[in-house]
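Input: a single structure, listed below in structure tokens.
Read-outs throughout are calculated quantities, based only on the coordinates presented, and are distinct from any laboratory measurement. The structure presented is a predicted model; accordingly, all values stated were derived computationally and were not measured. Cβ atoms come from the backbone with ideal geometry, glycine included; neighbour counts cover every protein chain shown.
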Amino acid sequence: MEPSDEALVLACRSGDAAAWETLIARYQRLVFSIPRRVGLDTDLSAEVFQQVFTILLERLDQIERPMYIGAWLATTARREARRVRWRERNSSLALGLDEHSDDDILDTALLPDEVLLRLEEQHKIRAAVAALDDRCRTLLTLLFYQPEPPAYADIAVTIGATEGSVGPTRARCLQKLRRLLDAAGFFAMYFLTAVPLYYYSLAKMAAGGKG
């Protein structure tokens with residue numbers, strides 16, 4: 001099983017280079033997506049990405065709750081994205097190139113907490129699905145990540161199983177997914193914040209093993 005966020009942070013504090021690489025790989029998509037959502041281009045988003053992980057490296061020993069490093073990274077990415085956005089805004093104003101109003105900038109620079117939470121939870125679900133074995137990952141992708149889920153008969157052919165075994169396999173895979181999400185703090189965060197989450201229907205299935 002993949003190491004928890006807390007274990008990775010603690011290992012990073014001890015100078016474990018492999019743990020650092022794993023932590024970056026786990027959260028790179030989340031961190032990069034935040035500046036993109038506030039309107040920064042690829043180069044500026046890469047700058048934010050670099051700065052976020054530089055700050056993390058500098059403050060590793062100050063992280064009080066390592067199990068919530070994902071939330072810390074998301075918050076830091078939002079702050080850095082706003083800083084870069086304002087810097088670019090001021091540069092454009094100085095050159096007389098920006099025709100947008102201050103209200104436009106405020107609207108795009110602020111990333112609501114609910115959206116930020118959804119981004120983090122989407123990331124946790126994607127990471128958990130990616131950590132499943134090949135059969136479960138394929139099965140859940142077919143069932144929940146397709147506009148039109150295929151029939152059980154077609155799924156059975158894809159995963160090399162009988163049609164009658166698809167239902168029980170689905171239940172087992174959802175339980176595996178739930179354990180991974182529990183380890184990532186997904187359900188704890190949901191109940192603490194009481195905010196609707198993207199893919200919540202998938203999370204409910206993972207929690208109860210039924211539709």
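Fewest Cβ neighbours within 10 Å first, please rank Arg89, Arg26 accordingly. Provide the component values of the computation, followed by the final result.
Details: Arg89 17, Arg26 22.
Least to most surrounded, the residues fall as Arg89, Arg26.
Just to verify a number: FRET efficiency for Asp154 and Arg79, C-beta to C-beta distance, R0 = 35 Å, to 0.05?
Numbers: r = 46 Å, r/R0 = 1.32.
Efficiency, from the Cβ-Cβ distance: 0.15.
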Inter-label distance, nm, simple model (7 Å from Cα along the C-beta direction), Asp134/Gln122 = 2.9
